[in-house]
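Take a look at the structure below.
Throughout, read-outs are computed from the coordinates displayed, never taken from laboratory work. Keep in mind that what you see is a predicted model, and the values were worked out from it rather than measured. Cβ placement follows ideal geometry from the backbone for every residue including glycine, while neighbour counts extend to all protein chains displayed.
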Amino acid sequence: MGLETEKADVHLFMDDDAYSRHSGVDYADPEKFADSGQDRDPNGLNSHLKVDFEDVIAEPESTHSLDKVWICSHALFEVSKYVIYKFLTVFLAIPLAFAAGILFATLSCLHIWIIMPFVKTCLMVLPSVQTIWKSVTDVVIVPLCTSVGRIFSSVSFQLSHD
């Protein structure tokens, strides 16, 4: 009683158009993705966060600390900024990305399935409401405003200096 195996040839056919829409990033190899040197903020969303030591700490010409203190402070600033950022991203990036994904998925779902149908329904109903509102204003508000205008047009004031 033997187990027979068959060799199957698997071919994947892909449209040339579908292949050209591929982003070019190979997510299967994370090392290649991490070392690509690609700009992670191409739209400049966080350009205001590019903070260097000189942007935060500056000594005027009249007051300088010792050179060794300045160099150590600069090094400690850069190292702590780097290490703390890496530490925080290790623990916060994945949960916050998950929460942001849930938030944007929820907002997208609400927008697509609740808000836009409601807006389209209102836009379909508005021409009828506009017709009724115009009739109400023509029948009630226009004669009322015309009458009040005629009443006040006959009022005149005379100032006298006594």
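Below are the figures for this structure:
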{"read-out": "Answer from 65, 156, 128 - the residue that is without any contact (Cβ under 8 Å) to a residue 24 or more places away in the chain and surrounded by 10 or more Cβ atoms within 10 Å (Cβ to Cβ)", "value": "65"}
{"read-out": "Qualifying residue in segment 95-108 (condition: exposed (fewer than 10 other Cβ atoms within 10 Å of the Cβ) and either touching a strand residue (DSSP E or B) at 6+ places or on another chain (Cβ under 9 Å) or in a helix (DSSP H, G or I) (or both))", "value": "yes"}
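Residue by residue, here is whether (1) in a loop (DSSP other than H, G, I, E, B); (2) β-branched (Val, Ile, Thr) holds:
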| position | (1), (2) |
| --- | --- |
| 65 | yes, no |
| 69 | no, yes |
| 74 | no, no |
| 85 | no, no |
| 88 | no, no |
| 133 | no, no |
| 138 | no, no |
| 148 | no, yes |
